[in-house]
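**Student:** Submitted below is the structure of interest, expressed as structure tokens.
Rule-based calculations on the coordinates, nothing more; no lab input. Treat the numbers as computed from the prediction; the structure is a model and nothing was measured. We place every Cβ from the backbone using ideal geometry, glycine too, and count neighbours over all the protein chains shown.
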Amino acid sequence: MIEISSPLETQLLRLPRELRNLIWPHVTTLPFPIGLERIGAPSDPPMLHVELLEAFYSCNTFIVVFPPMEVHANPAKWGPNQSYNHLIRHLIVYTTESIHPPSKLQFQAFENHCPKLVDSQSVDWTYLLDLPRLSTLAINLNKMQENKFHFWNFAVIIPALRAQLPKLNLKFCVSFDAILSEAWNDPYWRRFPRNLGDNDIPYESAGYIDSTEIVAPPSEDDKKYVEEFLPHRVMPAGPPIRQGLLACSVANRQILGKHYVVKEPALLRVLIEEHYMNYKDCKERYEQGELLRSSRAVIELDEEGTF
């Protein structure tokens, strides 16, 4: 935060609040994203401290890290000034794909069984719904599964944010570097040719690859395709990431990567919408006290562990 000396504070206080509001963005905006957990707690606030904090949270881009479900006991750190978080307009979320999600859940049965379960296990994600001024959101996900895409813990949040914030600029990016860097140094994969025919060159990261289209609202063509070819709503195994991307150049990985997230993007988009609609209906009925008790609900599981 910017510290203002007492003489300058006195001079600034002589200006109308409207003029000070024009000044603060120029002195509080930083040229790089800021980790919310790295922000220090405010000291004894001067008279202008509140105005500075409001400008600081409104004008900057912030970073928050959502831990994977396996370590959910350590929730995301939203910083010491959470009463100002509602002013955040620009946010980057870093997260890791869960490797042990629940098995396939029939949406209505699962949500009737425990309508608060999605919220309780996705508390970091549901916090995003408490940011009413959010203008840009980038979700950067580290892919951990080779042939599956585990998306259940945030599936309802993306469409919920779109419904709540119609002008939100949402970007969803996926990194395959955790999978590929491990394979790069694995003796098994070192037998295969690599770029330039050199097996000793270091692994080069491709970073987060824009895959926003796979979580876009489903089109009518998506729905028709799913009804005709995938009526059982079972996601086929995804393309083999190591075999398909390990030998590619960074530029080619950045182009091809989005095609390795899921086998059927249309089905993913339909599932996300269906899950959100069922969740929304369930939550409304839960708030009205109309849901069946857990003893009367049924959960059906499959062997795949994904939607």
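**Student:** Reachable lysines from K148, Cα under 18 Å, same-chain residues fewer than 8 places away excluded?
**Tutor:** Cα-Cα hits under 18 Å: K104, K258, K263.
**Student:** If you don't mind, another one. At 0.36 nm per residue, and after removing the present C-alpha to C-alpha distance, how many nm does the segment from T10 to M47 gain when stretched out fully?
**Tutor:** 12.4 nm
**Student:** Could you list W125, W24 in order of exposure, starting from the residue whose Cβ has the fewest other Cβ atoms within 10 Å?
**Tutor:** The most exposed by this proxy come first: W24, W125.
**Student:** If r is the Cβ-Cβ distance from R17 to R162 and R0 is 25 Å, what FRET efficiency results, to the nearest 0.05?
**Tutor:** 0.15
**Student:** State, to one decimal in nm, how far the label point of S83 lies from the label point of T126, with both points 7 Å from Cα in the Cβ direction.
**Tutor:** Label-label distance for S83 and T126, simple model: 2.4 nm.
**Student:** Next up: If r is the Cβ-Cβ distance from E146 to H26 and R0 is 45 Å, what FRET efficiency results, to the nearest 0.05?
**Tutor:** Taking R0 as 45 Å, the efficiency between E146 and H26 is 0.40.
**Student:** Sticking to Cα atoms, compute the Rg of the range 134-184 to one decimal and its Dmax as the biggest Cα-Cα distance, whole number, in Å.
**Tutor:** 13.7, 42
**Student:** Given points 7 Å out from each Cα along the Cα-Cβ axis, report the N252 to A178 separation in nanometres with one decimal.
**Tutor:** Between N252 and A178, the simple spin-label model gives 2.6 nm.
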